[in-house]
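The values are calculated or read from the model by the stated rules, or taken from the named source; none is laboratory data. In this text the structure is predicted, and so the values were computed from the model without any measurement. In this analysis, Cβ positions are derived from the backbone assuming ideal geometry, glycine residues included, and neighbour counts consider all displayed protein chains. These area figures cover heavy atoms from the full protein model, side chains too; ligands, DNA and RNA do not enter into them. Shrake-Rupley method; radii C 1.70, N 1.55, O 1.52, S 1.80 Å.
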Amino acid sequence: MGGGLYAQLSAILLANGCQFVRQGKGSHEIWLSPLTQKNISVPVTVVSRFTANAILKQAGIAQRI
């Protein structure tokens with residue numbers, strides 16, 4: 001499912017305790033970050049490293065792709 005960097009991004013999110021909450025609009029998923037206590041929108045079709053790293057930053061994760 002998905003393409004580009006989604007598999008790598010979701011693995012990092014899961015490793016840092018983030019949880020999948022629900023399917024969002026279109027090709028997006030909503031995840032909850034335990035570090036920031038905020039919901040994060042994650043596109044399943046993410047192909048840009050800049051976008052992937054911005055999502056990790058929103059989640060409060062220092063690791064980068």
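Values computed for the structure shown
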{"read-out": "Odd one out for residue 25, checked against (1) over 11 Å from the mean Cα position of the chain (by Cα); (2) in contact (Cβ under 8 Å) with a residue 12 or more places away in the chain", "value": "(2)"}
{"read-out": "Identity of the residue in region 23-64, hydroxyl-bearing (Ser, Thr, Tyr) and in a strand (DSSP E or B), that ends up surrounded by the most Cβ atoms within 10 Å (Cβ to Cβ)", "value": "33"}
{"read-out": "Considering residues of region 1-17 that are aliphatic (A, V, I, L, M) and farther than 12 Å from residue 43 by Cα only, the residue surrounded by the most Cβ atoms within 10 Å (Cβ to Cβ)", "value": "13"}
{"read-out": "First in region 42-65 and among the charged types (D, E, K, R), second anywhere and part of a loop (DSSP other than H, G, I, E, B) and open to solvent by less than 40 Å² (accessible area, probe 1.4 Å), Cβ under 7 Å, 6 or more apart", "value": "49/5; 49/65"}
{"read-out": "Residue check for residue 20: aromatic (Phe, Trp, Tyr), open to solvent by 30 Å² or more (accessible area, probe 1.4 Å) and not in a helix (DSSP H, G or I)", "value": "yes"}
